[in-house]
1. Quick one: which of 154, 119 is at pLDDT 80 or above and surrounded by fewer than 13 Cβ atoms within 10 Å (Cβ to Cβ)?
2. Residue 137 is checked against (1) surrounded by fewer than 17 Cβ atoms within 10 Å (Cβ to Cβ); (2) of a type outside the set (Gly, Ala, Ser); (3) not in a loop (DSSP other than H, G, I, E, B) and fails just one. What number does that condition carry?
3. Being open to solvent by 70 Å² or more (accessible area, probe 1.4 Å) and not charged (D, E, K, R) is the filter here, so list the residues in segment 159-191 that pass it.
4. Counting just the residues of segment 192-216 that are closer than 16 Å to residue 122 by Cα and open to solvent by less than 40 Å² (accessible area, probe 1.4 Å), which one comes out nearest to the chain's Cα centre (by Cα)?
5. What residue, of 51, 84, 74, is surrounded by 11 or more Cβ atoms within 10 Å (Cβ to Cβ) and in a loop (DSSP other than H, G, I, E, B)?
6. Mind checking whether some residue in segment 159-179 is under 14 Å from the mean Cα position of the chain (by Cα) and part of a loop (DSSP other than H, G, I, E, B)?
7. Which pairs do you get when a residue that is farther than 19 Å from residue 61 by Cβ and at pLDDT 80 or above, found in segment 79-103, comes within reach of a residue that is assigned to a loop (DSSP other than H, G, I, E, B) and aromatic (Phe, Trp, Tyr), reach meaning Cβ atoms under 9 angstrom, with the pair 6+ apart or on two chains?
Amino acid sequence: MYARRRKKASLQGGDLSPRLANIYLNEFDQEYLKRGVPIVRVADDIVMLARSERAAIHLMEGAIRYLENTLKLRGNRAKRRITRLTSSRDFKFLGLAIGRRKGMHYIRIHPKSLARVKADLRERTSRGNVHKLQCALKRVKRKMQGWLAYYSIARRATHVKAINGWLHRRVRMRIWQQWKHVRTRMRRLMRFGFTREKAYIATNSRRSAWFMARGYTLTGALTNQWLKTKKDLRRLRLH
């Protein structure tokens, strides 16, 4: 008989992976707490704090030796870096960054995280991805509820306001696209109080739907207040 040695590992990003990391890296936490080193760890993402660049280099080299030689772990060397805590370009931890204003530090959303959520929302509200505005809003609602809950500890008022305005423009664009024909667009605009002449000029414009969503015609017709009164749009609460 022959025995075959099997190698098993947890899937990256799976439900079991962070639990195993918390169990296995507990020894790492206890070791550096004894040394008086301030660390922050979530699963296998670790941030270690030092007062100077020289101390940070020494600390990182010692941590790598401990992880590889003592705990027999292999890490991604490309993700190991030394940076200032307030560097918005280099420091990013779980989608968050550290800001500084008037000598005070605060938690903020990293620019890459903002770009990622806008890309996701753009996909959810794209013309080719959904056929009805109701479906798009439901998808947006699910995304934003989770996103806002995750970043609840960060300063986000300015970002939420910007995303709100951007989403309103996206909704106006989608409504304009749904009014496909010239007659439909003219009829709808005239219901909102536009004269026949102004409605004719707007509906025969060669501008893109995204451009029209920012213009006077649609912002005057599909105002933020009107959007909030609609049943499906009222459910989309970002504040």
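1. Answer to the selection: 119.
2. (1)
3. Across segment 159-191, the qualifying residues are 178, 181, 190.
4. 213
5. 84
6. No, because not a single residue in segment 159-179 is under 14 Å from the mean Cα position of the chain (by Cα) and part of a loop (DSSP other than H, G, I, E, B).
7. Listed pairs, sorted by first residue: 95/151; 96/151; 97/91; 98/91.
The values are calculated or read from the model by the stated rules, or taken from the named source; none is laboratory data. Worth saying up front: this structure is predicted, and the values here are computed from it rather than measured. Virtual Cβ from ideal backbone geometry, glycine too; neighbours counted across all protein chains shown. Each accessible area value is taken on the protein alone, full model and side chains, heavy atoms only, with ligands, DNA and RNA left out. Shrake-Rupley method; radii C 1.70, N 1.55, O 1.52, S 1.80 Å.
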